[in-house]
1. So which residues in the range 11-46 are in contact with a strand residue (DSSP E or B) (Cβ under 9 Å, 6 or more places away or on another chain) and part of a helix (DSSP H, G or I), if there are any at all?
2. Looking at 49, 125, 105, 76, can you tell me which residue is in a helix (DSSP H, G or I), in contact with a helix residue (DSSP H, G or I) (Cβ under 9 Å, 6 or more places away or on another chain) and surrounded by fewer than 17 Cβ atoms within 10 Å (Cβ to Cβ)?
3. Report yes if residue 156 is over 29 Å from residue 321 (Cβ atoms), at pLDDT 95 or above and in the same structural domain as residue 72 (by TED's automatic domain parsing), otherwise no.
4. Name the helices (runs of 4 or more DSSP H) wholly inside the range 241-357 in which the number of residues that are over 30 Å from residue 215 (Cα atoms) is 1 or more.
5. Counting just the residues of the range 308-319 that are within 17 Å of residue 16 (Cβ to Cβ) and free of Cβ contacts under 8 Å to residues at least 40 places away in the same chain, which one comes out surrounded by the most Cβ atoms within 10 Å (Cβ to Cβ)?
6. When you look at residue 201, is it over 14 Å from the mean Cα position of the chain (by Cα) and assigned to a helix (DSSP H, G or I), yes or no?
7. Tell me yes or no: at least one residue of the range 61-73 is surrounded by fewer than 24 Cβ atoms within 10 Å (Cβ to Cβ), in contact with a strand residue (DSSP E or B) (Cβ under 8 Å, 6 or more places away or on another chain) and assigned to a helix (DSSP H, G or I).
8. List pairs: first residue in the range 194-217 and in the same structural domain as residue 265 (by TED's automatic domain parsing), second residue crowded, with 24+ Cβ neighbours inside 10 Å and in a helix (DSSP H, G or I) anywhere in the structure, Cβ distance under 9 angstrom, at least six positions apart or on different chains.
């Protein structure tokens, strides 16, 4: 296993790339970080991280927040006012995994459009979804996209599709927010820069604590006026941190040292997918683009096969998650090597775990 763990005695944790532990370089940078009160704008390490994030995404400014959920929430609340309507994919993280925050805290109606397999939505559906100027209806003001798309199997939304969706949105007076929690994975897989992929969006949020391996934090990036307003929104939701440069220091290391290695995670995910296919699971390894593998299980004889399979895998020391009651999700990351993936597959074969388990 990685970090000097013994393969035979250790768990292979494929639940999420959020389980990674900070590298020695991150720990050292955190220990040595120069800090100040960030609410007063006096933390030099946070300032440096925000400047770096803005440069990487091609935006004017950036704001450090504690999590990906907060990054999306602050962005959406800043773009909208209570009573507005947000258009978003029906499998988006914003509507499936963020506790309904934009509706509960922002009074914003989230109207969903069907996600396509690539993680995008059909641009032809947007014009019909935008409300007319009618006092009886909410104002449709924002389109939210996601790249890579978590619940579409870590799929990469192409630059062409993103530009098309952004163009249609602007034609109808909508702003665009991009949930780019794993946008660096998208960049590595597609060959485009993060700035290119984020270009069609007014704002983009990305996580440091997923594939990039930092312990905490996300960035919101946009123009200077938007980030100024977002800083106020961050304060509103309790996100103002003080000497948080110790966290930002790890984020800087993540951006400097952890991006290129994402290709290894993608290769390991395809290795897992090939092995699962050999075990009889219904999965196309060629469809795995980044570090997320989602396996659809046969529910014809059991309405909820995934919790049972998850429990069986836990018994042999392989940890996965269940996006719903008929799927399992496996995620590769910096603390899982190719050897670990092979070991997980070996244990499954030895335990005779397959699609009928």
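The values are calculated or read from the model by the stated rules, or taken from the named source; none is laboratory data. Keep in mind the model is a prediction, meaning the values are calculated, not measured. With ideal geometry, Cβ positions are generated from the backbone for all residues, glycine too; neighbour counts draw on all protein chains shown.
1. 17, 18, 19, 38, 46, listed by residue number.
2. 105
3. No: the conditions fail for residue 156.
4. Output list reads 262-278, 305-315, 338-350.
5. Among those residues, the one meeting the criterion is 310.
6. no
7. Yes.
8. Cβ pairs passing all conditions: none.
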